[in-house]
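Structure record follows, encoded as structure tokens.
The values are calculated or read from the model by the stated rules, or taken from the named source; none is laboratory data. Model, not experiment: these values are computed from the prediction. With ideal geometry, Cβ positions are generated from the backbone for all residues, glycine too; neighbour counts draw on all protein chains shown.
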Amino acid sequence: MEEETLKLTTGYYFPISPLMLFPRSSGRFGVYLKLNDRFVLYAHPDEDFTPEHQQKLFANGVKEVYVLTAQRQEFDLYIEKNLGRMLLSDDLPMVERSKVFYDASVSIVADTFKKRLPASLGRERFEKMLHFVTLGTKFLAQAGALKSLASLISHDYQTYSHCVHVFVYSSAILQGMEMEEERLVQCGLGALLHDIGKTQIPKQILSKPGRLTYSERQMVESHPVRGAALCALAPISQDVINGILFHHEKQDGSGYPTGLRGPEIPQAVKALTVADVYDALVSDRPYAKSQSPFEALTIMRDDMKGAFDPEIYRRLVMVLSGAEII
């Protein structure tokens, strides 16, 4: 082991679980231990992390190791490369897999949503998100996944984290509807991309704390159409387009952009819609404080009558109850 000459500085390193370092794999980042006020290099960049490395850490009760913040990008690439192994490994506790899933999903979506996109969603970015959704769908189908994720879900509203939450909740609903896996993946991708049109809306409008003007409201309500246009050149399915374009349609026809009514709205979109509204209500937004899960469901049932398919709403309640969120 080599001792770093730099003392502990807030933000200079970030902690990870040793379980996130797979034996016989390597990444272009160093792994450090924290000893008093100094960091000690435990594994060099590009050095294979062996079973012996992990055994020594566990034998000494080490529950956190550290990576240089400057090497965060290299660590993220390592996670992306090994994501399937991590999410689907029975050797990794569900709580650790949930952390990997949540951090990876927010990172992947934020990479898209924090940037003002060009005229279309690029093929490389699309393939990256499809790969993640495919792995994420398999992970979310495992027993205890949603329950384990519940404590990690942030209530500070950001468009990119909101899309991750909607993916999680809507996938949980659809998994109970005997939908084949490929469609689950496509509907999950639609959920993850449902607000991508907001990347084309000025941030000062999206974060405005007060009432929107008529023109501002028109601008915000254009995001489903803008989102569909952004994805027009990507090889996406009808399920994905439906999620992006119709997630603000309502059972009673009062939604936008086309005013579809109950039977005209695909079932998968109805699941996305209840997940979308629920997550918005339990999150702190610029114009509204967060509600508790019970309060949010009560508002949806009593104050938004006619907006949701009653059966899909019931399934949302069952999903949240099964995960002990309510």
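Summary of values
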{"item": "Flag if Leu152 is hydrophobic (A, V, I, L, M, F, W, C), more than 25 Å from Met318 (Cα to Cα) and in contact (Cβ under 8 Å) with a residue 12 or more places away in the chain", "result": "no"}
{"item": "Residue selected from segment 154-175 under the condition surrounded by fewer than 24 Cβ atoms within 10 Å (Cβ to Cβ) and among the small types (Gly, Ala, Ser), by the criterion farthest from Arg285 (Cα to Cα)", "result": "Ala172"}
{"item": "Positions within segment 49-77 being surrounded by 13 or more Cβ atoms within 10 Å (Cβ to Cβ) and more than 27 Å from Tyr102 (Cβ to Cβ), in sequence order", "result": "Thr50, Lys56"}
{"item": "Subset of segment 212-227 (residues that are outside any helix (DSSP H, G or I) and either touching a strand residue (DSSP E or B) at 6+ places or on another chain (Cβ under 9 Å) or among the hydrophobic types (A, V, I, L, M, F, W, C) (or both))", "result": "Leu212"}
{"item": "Where Glu178 falls short, out of the listed (1) among the charged types (D, E, K, R); (2) assigned to a helix (DSSP H, G or I); (3) surrounded by fewer than 14 Cβ atoms within 10 Å (Cβ to Cβ)", "result": "(2)"}
{"item": "Residue selected from segment 121-150 under the condition of a type in the set (Gly, Ala, Ser) and buried (at least 19 other Cβ atoms within 10 Å of the Cβ), by the criterion farthest from Arg85 (Cα to Cα)", "result": "Ser148"}
{"item": "Residue in segment 263-272 that is under 17 Å from His155 (Cβ atoms), surrounded by 20 or more Cβ atoms within 10 Å (Cβ to Cβ) and of a type in the set (Gly, Ala, Ser) present", "result": "no"}
{"item": "Unique match (being over 27 Å from Ile236 (Cα atoms), at pLDDT 85 or above and part of a loop (DSSP other than H, G, I, E, B)) among Ala70, Ala143", "result": "Ala143"}
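Residues checked against (1) surrounded by fewer than 22 Cβ atoms within 10 Å (Cβ to Cβ); (2) more than 27 Å from Leu146 (Cα to Cα):
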{"residue": "Ala232", "(1), (2)": "yes, yes"}
{"residue": "Gly243", "(1), (2)": "no, no"}
{"residue": "Pro293", "(1), (2)": "yes, no"}
{"residue": "Arg314", "(1), (2)": "yes, no"}
